[in-house]
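Bear in mind that the values in this text are calculations on the coordinates, not laboratory data. Not measured: the values here are computed from a predicted model. When we count neighbours, we look across all protein chains shown, and the Cβ atoms used for this are built from the backbone with ideal geometry, even at glycine.
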Amino acid sequence: MSLLEVEDLRVSFPTPRGPVEVVSGVSFTLGRERLGIVGESGSGKSMTGRAILGLIRPPGRVVARRLVFDGIDLLAQSETAMRKIRGARISMVMQDPKFSLNPVMTIGDQIAEAVKAHRRMPRAALRQRVLDMLVSVRIDEPARVAKLYPHEVSGGMGQRVMIAMMLIPEPDLLIADEPTSALDVSVQRQVLEIIDDLVKRTGMGLIFISHDLDLVAGYCDRILVMRNGEVVEECAARDLAQARHPYTRGLLAAVPRIDESRAELPVLERLA
């Protein structure tokens, strides 16, 4: 049984020249697996994730023939009902922790808030759960870190805190929106290993949004390639190098290699 079913998802915004669709007819299903969504900036990757979570606010408009999570029609839910799903059953890790963490709350209080929003728990048990979650994302001295404010930790640690906050309610689906784009290579690998370990251990589904084709090909099970709000190709991650769509081939050709011998990298042709 599919965990998530998306059919003909469309997201549009009004402009002086009329409505503009930023997501145009996206369809896919997701099981308890790792699905990568790749494409250039502006291709509709993040908007797809936000639409699933019900985070597109008016005047934005979201419609779909089918948007069903674990048997629940997400488009038919009230905002109150979505609050019970959002965070508790579907979580989203945003790109940059500097803009996602509350600067006037300690890290421990913010992680605890993610639990308190959905269930009651004795204070001592909640504190221990927060510390255990910090340990699970490989943060040393969790008791000390829990008392810090976001500006007192590094970008890599801030991203791990975000992952801890999104995973402490034990969701069934995690949407990770370029969770490693602001991190250096060594920290990036650590964060990916943490997410991978938690996905395998909890059996949740993962939507991994990125512009890094090599990263997604080596990390995910399946890949969707998006361009101008549309899915232009879908393939198994291991088969990405054999992709056939001209746009995907163009993205692959534009990736620099360590043993690069070309005088210049090819550029995708813009027709509009």
Of the trypsin sites (Lys or Arg not before Pro) in the stretch 163-272, those whose Cβ has at most 12 other Cβ within 10 Å and which sit in DSSP loop: 244, 257, 262, 270
In sequence order, calculated HN-Hα J values of the stretch 241-251 (Karplus, 6.51, -1.76, 1.60; Hz; x Gly/Pro): 4, 9, 4, 10, 5, x, 5, 4, 4, x, 4
Mean shadow area of the chain, taken as a quarter of the surface of its Cα convex hull (nm²): 16.6
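When you have a sec, figure out the Kirkwood radius of the stretch 114-272 from all distinct Cα pair distances and drop it here in Å to one decimal?
Working: mean 1/r = 0.0550 Å⁻¹.
Result for the stretch 114-272 stands at 18.2 Å.
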Which of 204, 181, 192, positive extreme of dipole for the stretch 180-248 (C-beta unit charges): 204
Gained length - residue 113 relative to residue 2, 0.36 nm times residue gap less alpha-carbon distance: 37.0 nm
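Using 0.36 nm times the number of residues separating residue 262 and residue 184, minus their current alpha carbon distance, what extension gain do you get? All intermediate terms of the calculation are to be shown ahead of the outcome.
Details: separation 78, 0.36 × 78 = 28.08 nm, distance 2.59 nm.
Contour length minus the Cα-Cα distance gives 25.5 nm.
Show me the trypsin sites (Lys or Arg not before Pro) within the stretch 1-69 that DSSP assigns to loop and that have at most 10 other Cβ atoms within 10 Å of their Cβ. Walk me through the numbers on the way to the answer.
Values: sites: 10, 17, 32, 34, 45, 50, 61, 65, 66; in loops: 17, 32, 65.
Here the sparse-neighbourhood loop sites are 17.
Taking the Cβ of residue 2 as the center, what net charge do the other residues with Cβ under 13 Å away carry, scoring Lys and Arg +1 and Asp and Glu -1? Could you put the intermediate results ahead of the total?
Numbers: positive: 32, 66, 222; negative: 5, 7, 33, 70, 172.
So the environment of residue 2 carries a net charge of -2.
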Convex hull of Cα atoms in the stretch 99-170, direction-averaged projection (nm²): 4.4
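Calculate how large, on average over all directions, the projected area of the Cα convex hull of the stretch 1-128 is; give the answer in nm² to one decimal. Don't jump to the answer; show the numbers that get you there.
Details: hull surface 41.4 nm².
Taking a quarter of the hull surface, the average projection is 10.3 nm².
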Principal-axis tilt of helix 123-136 within the chain, Cα atoms, nearest 10 degrees: 40
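Would you mind calculating the gained length between residue 17 and residue 211 on full extension (0.36 nm times residue separation, minus the Cα-Cα distance), in nm to one decimal?
Details: separation 194, 0.36 × 194 = 69.84 nm, distance 2.94 nm.
Net length gain for the segment: 66.9 nm.
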